[in-house]
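The values are calculated or read from the model by the stated rules, or taken from the named source; none is laboratory data. Here the structure is a predicted model, which is why all the values come from computation and not from measurement. Glycine gets a Cβ as well: all are built from the backbone with ideal geometry, and neighbour counts include every protein chain shown.
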Amino acid sequence: MTTIELQIDDQLLHHLESIAVSQNSTVQELLTKTLKLLTSPTVVNDRLIGLFADEPEAMDQIMSEIACDRV
């Protein structure tokens with residue numbers, strides 16, 4: 001694990017500490033969770049898109065046509 005030094009203003013630190021306490025966590029754990037959420041891929045839970053889960057090429061073509069129609 002790497003240690004970094006981070007400079008933030010007092011108001012933001014106070015806000016982070018308040019959130020961490022409300023989450024029964026530490027500021028470090030809160031920041032780690034936040035960064036993991038920000039860097040994880042977004043999963044779309046849409047039944048219509050799910051219909052095409054076995055047909056990725058069809059879904060790619062549909063999305064391509066939508067993009068072309070917008071231009």
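Quick rundown of the values:
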| item | result |
| --- | --- |
| Residues of the stretch 37-64 satisfying the condition of being surrounded by 10 or more Cβ atoms within 10 Å (Cβ to Cβ) and modelled with pLDDT of 70 or more | 50, 51, 52, 55, 58, 59, 60, 61, 62, 63, 64 |
| Every residue from the stretch 20-30 that is of a type in the set (A, V, I, L, M, F, W, C) and either surrounded by 13 or more Cβ atoms within 10 Å (Cβ to Cβ) or touching a Phe, Trp or Tyr at 6+ places or on another chain (Cβ under 7 Å) (or both) | 20, 27, 30 |
| Per-region count, the stretch 1-36, residues at pLDDT 85 or above and either of a type in the set (A, V, I, L, M) or closer than 30 Å to residue 61 by Cβ (or both) | 13 |
